[in-house]
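What follows is one structure encoded as structure tokens, with my remarks underneath.
Values in this text are rule-based calculations from the coordinates and carry no lab data. Since we're looking at a predicted model, the values are computed, not measured. Glycine also receives a Cβ, built like all others from the backbone with ideal geometry; neighbour counts cover every protein chain displayed.
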Amino acid sequence: MSDTENPIANTETETPTTPAPVIVETPPATFLSVKEEVADRLSKSGSLVAGKIIDKMVEDEIKRRTELVTRGFQLLTDLKEQFKKIKPDDIRYNEDNLDKPATRAYSQKANAERVKIHKRIGNLESAIDKAIGEKSDYKKLEELLKTGGEEPKTNENSNDTE
């Protein structure tokens, strides 16, 4: 057997090997130790729980507000469509040209409907602006959505002593 074949003969020329890592034996986890760890962490989790509650409440409120604004935009679109559908219903013709209308106008009833819808559109646009604006005031938008864009009627003749 030659020196190259004998592993013991080359010990002086070999590089030293790293020692094996020391394994520290930990006692096996038991149900009781896990339960104690859970209890310990839960006892210290007050701020974590509070933070998660706050996050959940903020998320829920943002979702509610998003739904309000979405409903507001949908109602606004519907009102604008209704407004477009109101056409002049008082058509007058000249004596000379029977085929071509001389004037087109709205009757009092049709004009009142136009004014009413136009006011609802303005109220809703203003409420949406307030809701998504700097102050984030959603109260007016909520009220208008309950009434279809109409100002809530206030009962000025109510008697508080009833």
May I ask which of K85/K116; K84/K116; K109/K140; K85/K119 have a Cα-Cα span longer than 18 Å here?
-> K109/K140
Compute the length gained on full extension between K80 and S47: take 0.36 nm times their separation in residues and subtract their Cα-Cα distance, giving the result in nm to one decimal.
-> 7.0 nm
In debye to the nearest 20, how big a dipole does region 66-126 give about its Cα centre with +1 on each Lys and Arg Cβ and -1 on each Asp and Glu Cβ?
-> 200 debye
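By how many nm would the segment from E142 to T30 grow when fully extended, if each residue of separation counts as 0.36 nm and the alpha-carbon distance is taken off?
Numbers: separation 112, 0.36 × 112 = 40.32 nm, distance 5.52 nm.
That works out to 34.8 nm of additional length.
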What FRET efficiency do you get for Q108 and M57 if R0 is 35 Å and r is their Cβ-Cβ distance, rounded to the nearest 0.05?
-> 0.10
